[in-house]
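I have placed the structure first, in the form of structure tokens, so that the comments after it can refer back to it.
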Amino acid sequence: MRLSEREYALLCKKQSIKLERPKTKRLKKPTTTEQRYFQDQANIMANWLELYGKIPCITEAQYHQMQLDGTYRAHMAVREFHFAAPDRLYRADFCWPAHRVILEIDGGLHLAGGGRHNSDKDRDKLNLAALLNYRVVRFSTDRLKANPLGCVDFMLKFLA
């Protein structure tokens, strides 16, 4: 339970304590430009996978429809793939469900505290994926920007 400033002051006065409330470090929320940049990195990876690796990237809705039609092929990457835990639903940047491989692009590493991808929630997501027998590959946005062909080459070798 978090006390209001007034309640905290009354409690300190009552106990004759001169304490300062510990200041919590607030992470900087990404601006719309930064959010667009992270989204663009995933689009760049999708484009490189399609152009260089000849790997089509489809949406999850297309994936489910293709499964029903019987037209889904194992080499196709599914963007924003959902996988479930008992308490919540997680989303991977790219997934090859037939190979049980997840590709995560870690954006926001330059933000205060390492960004969202340096949190326990993200580690929990990747640990759950490992429990569900997915193999997880992670690239930073800097590496993707510096060497996109190397990232795609690695994924092609990984999926072979």
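Annotations for the structure displayed:
- Per-pair calculated FRET efficiency, R0 = 25 Å: A146 and A61 via Cβ, rounded to 0.05: 0.15
- In this structure, E50 and A84 have a Cβ-Cβ separation that, at R0 = 35 Å, corresponds to a calculated FRET efficiency of about 0.80.
Where a number appears in this text, it was derived from the coordinates with a stated rule and is not lab data. Every value quoted in this text rests on a predicted model; they were computed, and no experiment measured them. Positions of Cβ are generated from backbone atoms using ideal geometry, with glycine treated the same way; all protein chains shown enter the neighbour counts.
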